[in-house]
Amino acid sequence: MPAHSFTLDHFPAAADDRTRAWTRAVRQAFLEPDPTPARLEYLVEQTVADDATLVAAYPDGEETLDGERRPVGTCTTMAGTINLGAGLLPATLFTSATVRPTHRRRGLLRRMVEDALVRTSGAGHSMVLLTATEGSIYERFGFGAAVWRSTLTVDTRGGLPLRSRGSGQVQQVGTEWLVGQAPAVFDRFHEGALGSVSRRAAYTDRVARENDSDRFDRAVRGLAHVGDSGEVDGFAFYRSLEGTATVEVLDLVAATDDAYLALWSTLGGLDLVDTVTFPRASADEVLRHAVSDPRRVSTTLVQDELWVRVVDPAAALAQRAYMPGLDESLVLRVYDPLGHAAGDLRLRVADGVAVVEPVVVDGAENRAEDGHVDEDWDLSLDVSTLGTLLVGGLSATQLARSARLVARDGAALAQADRVFSIADTLRFYSHF
Ligand SMILES: CC(C)(COP(=O)(O)OP(=O)(O)OC[C@H]1O[C@@H](n2cnc3c(N)ncnc32)[C@H](O)[C@@H]1OP(=O)(O)O)[C@@H](O)C(=O)NCCC(=O)NCCS
């Protein structure tokens with residue numbers, strides 16, 4: 001196989017031929033049909049709305065047979081936010097990573113990821129986030145699976161036995177109108193939901209569109225919840241699966257518990273329906289516990305969903321929320337094969353506030369890759385594990401039992417469990 005060098009072209013998404021070629025290349029890699037001209041313009045508009053930086057890779061010195069200049073590698077980065085309990089933290093979202101089959105396994109993805117990590121540091125963001133098509137690709141670059149999703153199958157025969165039906169009112173509303181309301185509702189939800197990540201501009205719009213078309217899907221129905229304040233504070237989009245008594249929830253976002261329960265109560269009471277599925281539920285969806293018969297809700301799939309790559313551990317640890325009342329100090333030894341996050345850090349947490357400082361030995365920062373042999377650490381972990389621990393996807397004990405972290409002793413492990421504990425389940429409904 002010939003060796004290749006590639007040039008990476010970075011440019012802002014715009015309604016131009018470069019962005020169109022990039023968009024078509026991404027679709028091709030994900031085995032989607034070449035878009036119609038109208039669909040292509042729609043997709044380009046969405047990327048522009050995300051204020052995304054696009055990356056297109058071209059092989060140096062290679063002519064195409066048909067003379068068309070098309071990228072052989074693509075990815076995009078954009079600014080987003082994640083909720084780790086202490087306000088919304090800026091983060092870089094990395095997506096649309098593709099390499100043409102003719103140019104695979106020559107290090108192009110690695111090059112694009114490394115480039116994105118450097119740009120993330122340059123932007124002052126402490127972490128990169130992604131969702132992956134396959135679970136085996138990204139850990140080698142320091143990403144850790146941090147939030148999981150599940151598919152719920154809900155038995156609604158005879159109605160859903162909810163402990164509370166929630167207050168407020170649910171109305172069936174027009175799809176297009178509800179799509180217009182969705183971003184504001186999502187923003188309210190996002191501010192209060194641990195593990196939530198900001199959505200791409202056209203997220204809900206795409207949910208309600210016909211597959212690969214520029215029209216709204218006439219089979220999609222919308223429910224809006226109006227709370228006591230008179231504002232829409234929750235919504236659900238669903239579709240009945242033809243020829244079955246099954247309804248699939250495409251998107252459900254509730255900024256309050258009342259909205260959540262009331263929306264599920266309506267979905268659970270739909271006539272002519274036996275089963276409601278929710279393929280993009282969170283891993284521990286509250287619905288499971290809100291029904292008085294837990295067997296009505298089965299989880300048929302649990303899969304990694306959000307991956308986190310810390311590039312600045314001191315900033316990331318300082319920006320996260322901690323439980324009130326703690327007074328703890330831990331030394332973390334972080335390994336990072338790509339360098340960004342490697343080192344020893346002392347994390348002090350008091351009254352919910354964290355102070356993070358590098359551990360200094362003999363006047364120099366203790367860097368894990370320098371081969372320091374002093375054992376003056378409480379937790380030793382890879383940067384991918386740090387991402388999981390930071391978000392609260394797994395406890396220190398769970399990570400230790402899965403051989404992803406080593407604690408100095410049982411007391412250090414218990415201390416790490418206290419420090420990184422979270423009060424709520426993680427709710428990520430923003431696949432990108
Ligand atoms: C996944 C994809 C982007 C990989 O691109 P690539 O340029 O061939 O990857 P690289 O050559 O840079 O490989 C980097 C490393 O990842 C590994 N890797 C690449 N693709 C992998 C896969 N699908 N599964 C497991 N490992 C993979 C390589 O073996 C290599 O490992 P190493 O550096 O430890 O030796 C490419 O195969 C593709 O476009 N697939 C279809 C679209 C897709 O799934 N994109 C991912 C979106 S999340």
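The values are calculated or read from the model by the stated rules, or taken from the named source; none is laboratory data. What you see is a predicted model; the values in this text were computed from it and never measured. FYI the Cβ positions are ideal-geometry reconstructions off the backbone, even for glycines, and counts take in every protein chain you see. The protein model used for the area step is the full one, side chains on, heavy atoms only, and it has no ligands, DNA or RNA in it. Shrake-Rupley method; radii C 1.70, N 1.55, O 1.52, S 1.80 Å.
Amide hydrogen proximity for D217: with H placed 1.01 Å from N in the peptide plane, the residues at 5 or more positions away or on another chain lying under 5 Å are R209, E210.
Charge dipole (Cα centre; +1 on Lys/Arg Cβ, -1 on Asp/Glu Cβ; no other charges) of the chain amounts to roughly 880 debye. With loop defined by DSSP as not H, G, I, E or B, and exposure as at most 15 other Cβ atoms within 10 Å, which is the longest segment of the chain clear of exposed GluC sites (Glu not before Pro)? The longest uninterrupted stretch comes out as 243-374.
Reported to the nearest whole Å, the Cα centre-to-centre distance from the stretch 211-276 to the stretch 72-148 is 31.
With the whole protein complex present, Y260 retains an accessible surface near 30 Å², based on a 1.4 Å probe. Taking every protein chain into account, the accessible area of the stretch 245-370 amounts to 42 square angstrom per residue (probe 1.4 Å).
Suppose R0 equals 51 Å. What FRET efficiency, 1/(1 + (r/R0)^6) with r the Cβ-Cβ distance, do A86 and T244 give to the nearest 0.05? Computed FRET efficiency for A86 and T244: 0.70.
For the stretch 150-302, pairs of C-alpha atoms spaced more than 23 angstrom apart make up 32 percent of the total. Charged neighbours of V72, selected by a Cβ distance under 10 Å, balance to +3 (K, R count +1; D, E count -1). Evaluating 6.51 cos²θ - 1.76 cosθ + 1.60 at θ = phi - 60° for every residue in the stretch 347-353, the Karplus couplings come out as 10, 10, 10, 9, 6, x, 10 Hz, glycine and proline recorded as x. Residues whose amide H lies under 5 Å from that of L250, counting only those 5 or more places away or on a different chain, are F237, Y238, R239; hydrogens are built 1.01 Å from N in the peptide plane. Atom-type composition of the exposed protein surface of the chain places 49 percent of the accessible area on carbon and sulfur (1.4 angstrom probe). Annotation for H289 and D187: the two label points, set 7 Å from Cα along the Cα-Cβ direction, are 3.0 nm apart. Taking a ≥ b ≥ c as the square roots of the eigenvalues of the Cα gyration tensor of the chain, is the shape rounded (a/c under 1.5), prolate (a/b larger than b/c) or oblate? Since a/c reaches 1.5 but b/c is at least a/b, the shape of the chain is classed as oblate. Hey, for a label at T300 modelled as a point 7 Å past Cα toward Cβ, could you say which residues of the stretch 217-246 have their backbone N under 14 Å away? Inside the label zone: 241-242, 244-246.
Largest GNM mean-square fluctuation among D187, D257, D17, using the chain with Cα springs under 10 Å: D17.
Shown here: the stretch 6-130, whose C-alpha atoms stretch 53, 34, 22 Å along the first, second and third principal axes, sorted largest to smallest. For D274 and V118, the difference between the fully extended length at 0.36 nm per residue and the C-alpha to C-alpha distance is 51.1 nm. Take the stretch 1-123 with all the other protein chains still there, run a 1.4 Å probe, and you get 49 Å² of accessible area per residue. Given their separation in residues at 0.36 nm each and the Cα-Cα distance between them, R157 and S213 gain 16.7 nm when the chain is fully extended. Given R₀ = 56 Å, FRET efficiency for D327-H4 by Cβ-Cβ distance, to 0.05? Calculated transfer efficiency: 0.55.
Towards the positive end of the charge dipole of the chain, with charges on Cβ (+1 Lys, Arg; -1 Asp, Glu), say which of P37, Q398, Q319 has the farthest Cα. So the residue furthest toward the plus end is P37.
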